[in-house]
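The values are calculated or read from the model by the stated rules, or taken from the named source; none is laboratory data. No experiment lies behind these values; they were computed from the predicted model shown. We place every Cβ from the backbone using ideal geometry, glycine too, and count neighbours over all the protein chains shown.
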Amino acid sequence: MFSKYLFIILCLIPGLGIILALIGFVTYIVIMQSIGLNNLFGEDEFTFKFWEKIFAKKSYNRSVRYSLYIGTFSTIFSILLAYPIALWLRKPFRGSLLISSILKAPLLVHGLVAAFLFLNVIEYHGLVNQLLQYLNFTDQPIRMRNDRNAFGVLFLQTWKNMPFALLLLAGALQSISDDTLDAARDLGASIYRRFIDIIIPLTISAMTAAAIIIFIGAFADFTFQKIAGPRNTFSLSQLMVEYRGRMKWNEAATVGVTLIVLSFFGAVFVVFIINKLFKYPGWFSPVKMKNIQSIIGGKK
Amino acid sequence: MIAKSLHRILFISMIVIGVVWLAVPFIMAILWSLVDPAEPWTVDLVVPPVMSFYRWSYMWESSNLKNALFNSYLLAPTVSIVTLTFSIPTAYVFGRYNFVGKEIAKLLCLLPLVTPYFVLSVFLTATIISFGLSEYRVAAIVLAHAVMFLPYAIRIMTVGFEQVSQEHIDAARDLSATTFSRWRVAYLPALRPAFFASVLIVFIQSIEEFAVAFILGSPTFITIPTLLFSTMGQDFVRPNAAVLSLILVVPNVVLMLFLEKLLRTANPAMISGKGLN
């Protein structure tokens, strides 16, 4: 028994051990540097002054709000778009494979290439401006890159992440047996009730997994923001890289800790919301609606 | 009748959306990569007036493209081999043993997927500097890539190990096969698709990875994504960026299609992320 467990531990070291060591070590360094310890330059001194300084900065607070905005809306748009398409593609039909391949194709496109393709469409000399000028809607090209509301970034995030959500949701939906749905139909359940009481509960884990990964990726985005995002606001990753570029490692560490903590709590919040809203049958029952209202209103 | 019409409308809309959001941007990228500097492509023209491969040869001769290609295509196979080597023992116990805490251990293996890559890159750089190991940046990139992509390799290899038939192993043992022979006749045939799929997915991820290569590698270690990023900044020269985009995307699409075929053999539902939590 002992030798079996020793063997298992030895086998886990090269994979899990290395993951825990590197991620754990980096997390430790980030936390320590944010409180003035393990400094690269200068003396170590335990202090919260970097946190006080960063909390007082408008740019930091704006970055937190901005990153949460991008993370949240990218997740919502991706899932909202993917779910009905996945439902539609659940049962194969002529051409469904073609549609599925076209929609999942952005998964094969690198984020930077996606950003470049997007610029080709919206830049001064992009397709949209060419079309607008050709149709005489405007004399001058319109500036669409780096828009203030980051619609471009949201579009790019959805373009890149929706296929991922579709992949997971389609897999989950296709694994629901027809027998289950037929049984519900035989018992008199309408399309709506079958969707609410069977399909949603059975796809909840795929939805949660997709939502968590999309949220964290979009929340910690750097490239889309740098290329297509607003010029007057930084994402948290951008702000951290900016501080690191100015050799302000402690400030970069505070932003790094913020990224880790908010990614974690964001993921927990995603799980909480999805479970609260969708886990149990009877989503729109009076009791459930009361729950939804209490979540939205923040009341118990 | 209504359902049929709705289905047809949806089908046509999806084809149109697919063309607009995929084919048109790629055609634009191809056209931009063929713009000849002698005759600029002005707004009033639908296609470039003169097309040539000038930008392709210019990028090949004058930019850091050769260097970036060399680095990317050296880094990716190295990372693939290192990651596969790290993943096999862990995947073996996940696939063949039952033990207390197995599900927690499997969940912890997904940690790199939920760790913001830029935090990992920036503070791995800090660690390397603090230990005075700046000259080993490339090794650090390999290690960081290996850790980032271990969840994929472990997951795929675990599925591979689960699919090895116990009857085959027992039969080989009953016929007095040595440990090596048992691996060769019982494990390897079942594991082959998982091996290839792991190597390929890590290869693609490593070629595409930007955060670590950008933070840890710059300015000396250039990869294709970091070179593309630099062309899309202040000095945005669209034809050059078009050339780099196509160089980055085309081989990966081919590899991905090959990968999809492999993953189908190695149980796609388990690997593609379903049941992540």
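Is there any pair with a first residue in the stretch B:222-248 that is charged (D, E, K, R) and a second that is part of a helix (DSSP H, G or I) whose Cβ atoms are under 7 Å apart and which are 6 or more apart or on different chains, and what are they?
Here the result reads B:Arg238/B:Trp32, each pair linking the stretch B:222-248 to a residue that is part of a helix (DSSP H, G or I).
Matching residues to (1) more than 11 Å from chain B (Cβ to nearest Cβ); (2) more than 17 Å from the chain's Cα centre (by Cα):
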{"residue": "A:Phe195", "(1), (2)": "yes, yes"}
{"residue": "A:Thr203", "(1), (2)": "no, yes"}
{"residue": "A:Ser235", "(1), (2)": "no, no"}
{"residue": "A:Arg244", "(1), (2)": "no, yes"}
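Output yes when any residue across the stretch A:157-178 is assigned by TED's automatic domain parsing to the domain that holds A:Phe234, of a type in the set (Asp, Glu) and in contact (Cβ under 8 Å) with a residue 40 or more places away in the chain, and no when none is.
No - not one qualifying residue is present in the stretch A:157-178.
Among the residues that make up the stretch A:118-131, is at least one of them touching a residue at least 24 places away in the same chain (Cβ under 8 Å) and hydroxyl-bearing (Ser, Thr, Tyr)?
No, that holds for no residue.
A quick yes/no check of all residues on (1) among the hydroxyl-bearing types (Ser, Thr, Tyr); (2) in contact (Cβ under 8 Å) with a residue 40 or more places away in the chain; (3) out of contact with any strand residue (DSSP E or B) (no Cβ under 6 Å at 6 or more places or on another chain):
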residue: B:Ala3; (1), (2), (3): no, no, yes
residue: B:His7; (1), (2), (3): no, no, yes
residue: B:Phe11; (1), (2), (3): no, no, yes
residue: B:Ile17; (1), (2), (3): no, no, yes
residue: B:Leu22; (1), (2), (3): no, no, yes
residue: B:Pro25; (1), (2), (3): no, no, yes
residue: B:Thr42; (1), (2), (3): yes, no, yes
residue: B:Pro48; (1), (2), (3): no, no, no
residue: B:Trp56; (1), (2), (3): no, yes, yes
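Looking at the stretch A:218-233, which of the residues that are assigned to a loop (DSSP other than H, G, I, E, B) and over 17 Å from the mean Cα position of the chain (by Cα) is nearest to the other protein chains (Cβ to nearest Cβ)?
Among those that are assigned to a loop (DSSP other than H, G, I, E, B) and over 17 Å from the mean Cα position of the chain (by Cα), it is A:Arg231.
For the stretch A:28-47, enumerate the residues that are at the interface with chain B (Cβ under 9 Å from one of its Cβ atoms) and either part of a loop (DSSP other than H, G, I, E, B) or farther than 15 Å from B:Ser130 by Cα (or both).
A:Asn38, A:Asn39, A:Leu40
Please go through the stretch B:138-165 and pick out each residue that is touching a Gly at 6+ places or on another chain (Cβ under 8 Å), closer than 26 Å to B:Ile215 by Cα and surrounded by fewer than 20 Cβ atoms within 10 Å (Cβ to Cβ).
B:Val138
Could you please give the count of residues in the stretch A:140-175 that are away from chain B (no Cβ under 11 Å), part of a loop (DSSP other than H, G, I, E, B) and not β-branched (Val, Ile, Thr)?
Number of matching residues: 7.
Of the conditions (1) in contact with a helix residue (DSSP H, G or I) (Cβ under 8 Å, 6 or more places away or on another chain); (2) closer than 27 Å to A:Ile214 by Cβ; (3) more than 11 Å from chain B (Cβ to nearest Cβ); (4) touching a residue at least 24 places away in the same chain (Cβ under 8 Å), A:Tyr69 satisfies every one except a single condition; which number is it?
Of (1) in contact with a helix residue (DSSP H, G or I) (Cβ under 8 Å, 6 or more places away or on another chain); (2) closer than 27 Å to A:Ile214 by Cβ; (3) more than 11 Å from chain B (Cβ to nearest Cβ); (4) touching a residue at least 24 places away in the same chain (Cβ under 8 Å), only one is false for A:Tyr69: (1).
For the stretch B:117-135: of the residues being more than 9 Å from every other protein chain (Cβ to nearest Cβ) and of a type in the set (A, V, I, L, M, F, W, C), which is surrounded by the fewest Cβ atoms within 10 Å (Cβ to Cβ)?
Checked the stretch B:117-135; the qualifying residue surrounded by the fewest Cβ atoms within 10 Å (Cβ to Cβ) is B:Phe131.
Among the residues in the stretch A:28-43, are any charged (D, E, K, R), out of contact with any Phe, Trp or Tyr (no Cβ under 8 Å at 6 or more places or on another chain) and not assigned by TED's automatic domain parsing to the domain that holds A:Phe224?
For the stretch A:28-43, residues charged (D, E, K, R), out of contact with any Phe, Trp or Tyr (no Cβ under 8 Å at 6 or more places or on another chain) and not assigned by TED's automatic domain parsing to the domain that holds A:Phe224: present.
Scan the helices (runs of 4 or more DSSP H) fully inside the stretch B:136-217 and keep the ones with 3 or more residues being within 12 Å of another protein chain (Cβ to nearest Cβ).
It comes to B:137-162, B:188-208.
Just to be sure I understand, how many residues within the stretch B:152-196 are among the polar types (S, T, N, Q) and within 24 Å of the chain's Cα centre (by Cα)?
Going through the stretch B:152-196 one residue at a time, the tally reaches 1.
Which residues, taken from the stretch B:156-186, are more than 30 Å from B:Val253 (Cα to Cα), touching a helix residue (DSSP H, G or I) at 6+ places or on another chain (Cβ under 8 Å) and hydroxyl-bearing (Ser, Thr, Tyr)?
Those that are more than 30 Å from B:Val253 (Cα to Cα), touching a helix residue (DSSP H, G or I) at 6+ places or on another chain (Cβ under 8 Å) and hydroxyl-bearing (Ser, Thr, Tyr): B:Ser165, B:Ser181.
Here is a check on your reading of the model: is A:Phe116 in the same structural domain as A:Phe278 (by TED's automatic domain parsing) and either of a type in the set (Val, Ile, Thr) or closer than 28 Å to A:Asn232 by Cβ (or both)?
yes
Yes or no: the stretch A:73-81 includes at least one residue that is closer than 30 Å to B:Asp235 by Cβ, of a type in the set (Ser, Thr, Tyr) and crowded, with 20+ Cβ neighbours inside 10 Å.
Yes, the conditions are met somewhere in the stretch A:73-81.
Taking the stretch A:6-27, which residues are more than 7 Å from chain B (Cβ to nearest Cβ), over 26 Å from the mean Cα position of the chain (by Cα) and buried (at least 16 other Cβ atoms within 10 Å of the Cβ)?
A:Gly17
Only one of A:Ile212, A:Ile274, A:Ile227 is assigned by TED's automatic domain parsing to the domain that holds A:Phe151 and surrounded by fewer than 21 Cβ atoms within 10 Å (Cβ to Cβ); which?
Among A:Ile212, A:Ile274, A:Ile227, only A:Ile274 is assigned by TED's automatic domain parsing to the domain that holds A:Phe151 and surrounded by fewer than 21 Cβ atoms within 10 Å (Cβ to Cβ).
Collect the residues in the stretch A:183-201 that are in a helix (DSSP H, G or I) and buried (at least 16 other Cβ atoms within 10 Å of the Cβ), keeping them in residue-number order.
A:Ala184, A:Arg193, A:Arg194, A:Ile196, A:Asp197, A:Ile198, A:Ile199, A:Ile200
Across the stretch A:82-102, what is the number of residues that are crowded, with 16+ Cβ neighbours inside 10 Å, more than 7 Å from chain B (Cβ to nearest Cβ) and of a type outside the set (Val, Ile, Thr)?
Going through the stretch A:82-102 one residue at a time, the tally reaches 6.
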